[in-house]
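Take a look at the structure set out below.
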There are 2 protein chains.
Amino acid sequence: MIAKRLRESLDSSICIRDIFEEGKKLAAVYGADNIFNFTIGNPSVEPPAIVNESMKRILDSEDALALHGYPANVGYPEVRRCVAEHLNKTFGCNYDENGIVMTAGAAAAIAILCNTLLDMGDEVVTFAPYFWEYKSYVTSFYGRLVPAFCNMETLQPDAWAFETALTPRTRFVIINTPNNPTGAVYTKESIKMVTDILKRKQKEYGHPIYLVSDEPYRKLVYDMEVPYLTHYYRNTIVVYSYSKALSVPGERIGYIAMEPCVQDMEDLIAGITASIRYLGYVNAPTLQQRMLLDCVDASVDISIYKRTRDILYEGLCDIGYTCIHPDGAFYLFVKALEDDDSHFCEEAKKERILMAPGTAFSGPGWVRVSYCVPDEVARASLPAFKKLYDRYMNE
Amino acid sequence: MIAKRLRESLDSSICIRDIFEEGKKLAAVYGADNIFNFTIGNPSVEPPAIVNESMKRILDSEDALALHGYPANVGYPEVRRCVAEHLNKTFGCNYDENGIVMTAGAAAAIAILCNTLLDMGDEVVTFAPYFWEYKSYVTSFYGRLVPAFCNMETLQPDAWAFETALTPRTRFVIINTPNNPTGAVYTKESIKMVTDILKRKQKEYGHPIYLVSDEPYRKLVYDMEVPYLTHYYRNTIVVYSYSKALSVPGERIGYIAMEPCVQDMEDLIAGITASIRYLGYVNAPTLQQRMLLDCVDASVDISIYKRTRDILYEGLCDIGYTCIHPDGAFYLFVKALEDDDSHFCEEAKKERILMAPGTAFSGPGWVRVSYCVPDEVARASLPAFKKLYDRYMNE
C-alpha cells in the first residue's frame, strides 16, 4: 500500500542501515569483539564534557515553560547570532542572525532546501561518489539527482564531468568536503575550478545556481585546511550538523547559513521557514539549540580518529590494498579486490569484516571503511584483512 | 528563486505564525500586559516536574556516547515498548513495539505518512474546519487535501459531506479530535458514522483507506471521554505528540502507532522507516525519546486550562457571542460578528484582541480563540470583547 515512487526507491537502494543491522546479527553469533564492523558513521569519540554540563545548566536555570515551548520556526535569535559570530570569527565571514536557520541536523537542512527550491523535474548536481541519501532527499520532492563523477585516481571533482552535468534545470549543487564516503578533502584548486564553472553557468542561464556545502565533517580534518566555500562563491548555502564535531548525532542539531550576499536571500529564508513547517519540523529541538550557546566552539578530540585512520591506512597499504589517503571525516575508501564490490563485501564477511560497497555511493569497484571504531578493533582487523587479501591473490 | 509550487502556497496561505509575530510587535507598542493575544497554541501550563528531573537523571547516569549516538531510525526498542504498554494499559489495545515509531512530534509523523503513502495526485480527506498545516503537508508531496465540511451548528462530521469527499484515490483520512481549531470532541456517534462509511468504501474500492488519528490534544479533555479510534476501525494509524500533554512543544517528540491488525503493517513500517531518512529526520531526538521512559504517564494540570476555558466561554456567551462549547484542546471557536472573519479580526485588533480568522482553518465566518493564556489575561480581555460587541451592535 505504500507509494509506488517510494516502493521503487526501496527496491533499488542498497541500505547501509540494513548492513549495519546485519552486523548486529553477526555480532550476536560470533560475539561483538569478534566482528570488525566498519559499516556506519556512528561517532566513537566521547562528546566534550561541556555538552552534558550545558544541558544540565539549562535545565536547572531556565524557566521550564519557556525552555520547552515553541521558539520561532527558524530558531532562537540569540542562538542564531551565536552561530553567526562563531562563523565570522573562525572563517572571516560576514554572517548575521538573519542568514542563520537552526535545523534538526544537516539531513533536515538538505530536505528543507529541496522542498524550498525544487519544482518537479528540477535537477540537483552532486559529485560522485556521494552520500547515498542525497538521491532520496531530491527524489522525495520529485527532483532529479545528477551525479558528476570525480577523477577516481584522486577522488577530486572533474571539470568535464561537472560542466556536462549542469543544465538550465540545475537549481543547486551539493558539495561535501571532507567527503563521505571517500574521506577526501577537495583542494583549493578543485574548489576554484568548480566555482569558476558555476559562475560562468549562472551567467549563461541567467539565474542563480546555489552551491550547497554539506559540512558535517568540517571539524574532522587531520593534516590540512578545508577551503571555506563562501570565499570562493557568493551563492553558497552552508549546511552544518553538530553530529560529528560534538558526537551528538542522535540529538539532531545543525543549521543552514547564508551570507547577506546570497542572491534572493530574503525569499529563500521565507521559503525555508515555510518548508520547516510544511515538512513537519516546526523547529529544531529547543534544548539542543540552547546547548549551542555553551558549545559552539567545542569539539571532540579528533586526534583519536587520526590515530585510528593511521593504523588502518598504513596497515591496509602494507598488506597491498589500494587506498586513497583520507584527509578528513572518518572514512577510508579502499579499492575492492574484484570489480564487483558487493561480492567483495560478501567475501569479506567470511573474515568477519563488514564494509559498505562503493556502489551504494556511486563509487563502484571500491568499498567504504568507516573507522569510527576503537583502535583495538582497527588493529585486530588487520590479520583478517590480510587473510582476505591472500585469498584473492592465491585464486 | 524558490519553487513555484511553494511560492503559490505561500502567497495563498494565511499564516497564524505571522499573526503571532504581529502580536509581538503590538505588545512592544502597548506593553505585553495590554495585549490580549489569543493566536497561537503555545502551552501556558508548566511541564510536570518529572520532565526536567528525568532529563537530568539521564544526563547523569547514561553513557554520553551511547545516549547522544544514533539510535535505530524508528527509535529505541525500550522506548517503543514503553509507549505500547502505556497505550495497552490506558485504552485496552493490542500494540507491541513493532507497531510504534518514535517521531519528532505529530507534524513530523503526518509529513512522514504523506511521503510514505502518496503518489502524485493521491487524495487525503480531512474534516473541516481543520489545522491549516494539513494542506501543506499533503501538497508538499504532490497530494491533494480534500475537506469534508462538518455540520457548522454542532462542529461534528457530516455523513453526506464525508461520503462525497471519498474517491478511489483517497489514501487516508486525517481525523483530529479534540479538534484544532474548534475544540470539539467528536462523539461516539460521529466516529461510528465515519468508520462505517470507511469500512463500506474500503470494500467498494478494494484497497485500505487508513484513518490517521492526529491526537496531540488527547489528554486535554475536560468533561468527557474521547473515543479511542482503534476500537472502531482496524486500519487506524494513531499519530501523537507530547507537546501539549507535557508542555514540551519545542522539544519535538511524539510517535506513530499501529496495532498488528493494520493492513500491510510490515510494508508501512518499511515505508515509514525510509521516509524518516528521506525527509532528513534520521531519528527523533534521543534525549527526548529516553525522557519518555520516565514521563509516559505524566501530564500537565489540565484543570488550569479548564478554568480559563470556563472564564472565556461563559464570559463571551454572557456578552452575547455565539460560541460552540469546547470539550477539549485549548481552543474556543467563536462566531464572527460579520461574514468576513478576517475583517472581524482586524476590528478586534482595535480593542487589542488578537485572534485567528476561521478562514485560515476552512471555517469562514468564525474565529479561533486560543485560550492557553493566564486567567488574568482571559478575565481582563472580557471588557475589550464587550466593547467590540457593542461596536458591532450599534452600527
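The values are calculated or read from the model by the stated rules, or taken from the named source; none is laboratory data. Since the structure is predicted, the reported quantities are computational estimates derived from the model, not experimental observations. Neighbour counts are summed over all protein chains in view; Cβ atoms, including those assigned to glycine, are modelled from backbone coordinates with ideal geometry. For accessibility, only protein heavy atoms count, side chains too; no ligands or nucleic acids. Shrake-Rupley method; radii C 1.70, N 1.55, O 1.52, S 1.80 Å.
General remarks:
- Just one of the listed residues (B:R234, B:R252, B:R218) is within 11 Å of chain A (Cβ to nearest Cβ), basic (K, R) and touching a residue at least 24 places away in the same chain (Cβ under 8 Å), namely B:R252.
- Members of the stretch B:229-247 that are within 17 Å of B:D264 (Cβ to Cβ) and either aromatic (F, W, Y) or not in a strand (DSSP E or B) (or both): B:T230, B:Y233, B:R234, B:N235
- Enumeration of residues in the stretch B:207-244 that are within 12 Å of the chain's Cα centre (by Cα) and farther than 18 Å from B:Y186 by Cα: B:S241, B:Y242, B:S243, B:K244
- Search result, residues across the stretch B:123-155 that are aromatic (F, W, Y) and closer than 22 Å to A:N115 by Cα: B:F131, B:W132, B:Y134, B:Y137, B:F141, B:Y142
- Of the candidates B:R290, B:R309, the single residue that is open to solvent by less than 50 Å² (accessible area, probe 1.4 Å), within 19 Å of B:V185 (Cβ to Cβ), within 25 Å of the chain's Cα centre (by Cα) and not small (G, A, S) is B:R309.
- Only one of B:Y217, B:Y255, B:Y281, B:Y240 that is among the hydroxyl-bearing types (S, T, Y) and over 30 Å from A:F141 (Cα atoms): B:Y217
- Hey, A:F131 within 16 Å of A:D214 (Cβ to Cβ) and open to solvent by 10 Å² or more (accessible area, probe 1.4 Å) or not: yes
- All conditions but one from (1) open to solvent by 10 Å² or more (accessible area, probe 1.4 Å); (2) within 21 Å of B:A298 (Cβ to Cβ); (3) modelled with pLDDT of 95 or more apply to B:N98; the one that does not is (2).
- The one condition in (1) within 26 Å of B:P227 (Cα to Cα); (2) open to solvent by 20 Å² or more (accessible area, probe 1.4 Å) that B:P383 fails to fulfil: (1)
- Looking only at the stretch A:312-338, and only at residues there that are in contact with a Leu (Cβ under 9 Å, 6 or more places away or on another chain) and assigned to a helix (DSSP H, G or I), the one that is surrounded by the most Cβ atoms within 10 Å (Cβ to Cβ): A:L312
- Selection of the stretch A:147-159 for residues being of a type in the set (A, V, I, L, M), open to solvent by 40 Å² or more (accessible area, probe 1.4 Å) and outside any helix (DSSP H, G or I) yields only A:M152.
- Test: residue in the stretch A:160-173 that is modelled with pLDDT of 95 or more, under 13 Å from A:D214 (Cβ atoms), open to solvent by less than 10 Å² (accessible area, probe 1.4 Å) and outside any loop (DSSP other than H, G, I, E, B): yes
- Positions within the stretch A:11-36 being modelled with pLDDT of 80 or more and either within 13 Å of another protein chain (Cβ to nearest Cβ) or not in a helix (DSSP H, G or I) (or both), in sequence order: A:G31, A:I35, A:F36
- For the stretch A:37-88, the tally of residues that are more than 10 Å from chain B (Cβ to nearest Cβ), closer than 15 Å to A:C295 by Cα and either of a type in the set (F, W, Y) or surrounded by fewer than 19 Cβ atoms within 10 Å (Cβ to Cβ) (or both) stands at 6.
- Of all the listed residues (A:T154, A:T126, A:T103), the sole one being more than 14 Å from chain B (Cβ to nearest Cβ), of a type in the set (S, T, N, Q) and touching a Phe, Trp or Tyr at 6+ places or on another chain (Cβ under 8 Å) is A:T126.
- Positions within the stretch A:92-142 being touching a Lys or Arg at 6+ places or on another chain (Cβ under 7 Å) and over 18 Å from B:R277 (Cα atoms), in sequence order: A:E97, A:I100, A:M102, A:L117, A:L118, A:D119, A:G121, A:D122, A:E123, A:V124
- Qualifying residue in the stretch B:256-271 (condition: of a type outside the set (S, T, N, Q), open to solvent by less than 10 Å² (accessible area, probe 1.4 Å), without any contact (Cβ under 8 Å) to a residue 12 or more places away in the chain and at the interface with another protein chain (Cβ under 10 Å from one of its Cβ atoms)): no
- If the condition is being touching a residue at least 24 places away in the same chain (Cβ under 8 Å) and out of contact with any helix residue (DSSP H, G or I) (no Cβ under 7 Å at 6 or more places or on another chain), then the stretch B:373-395 contributes B:P374, B:V377, B:A380, B:S381, B:A384, B:K387, B:R391, B:Y392, B:M393.
- Meets criteria (in a loop (DSSP other than H, G, I, E, B) and of a type outside the set (A, V, I, L, M)) for A:C372: yes
- Remark: pairs (first residue in the stretch A:280-292, within 7 Å of another protein chain (Cβ to nearest Cβ); second residue surrounded by 24 or more Cβ atoms within 10 Å (Cβ to Cβ) and basic (K, R); Cβ separation under 6 Å; 6+ apart in sequence or on different chains) = A:P285/B:R252.
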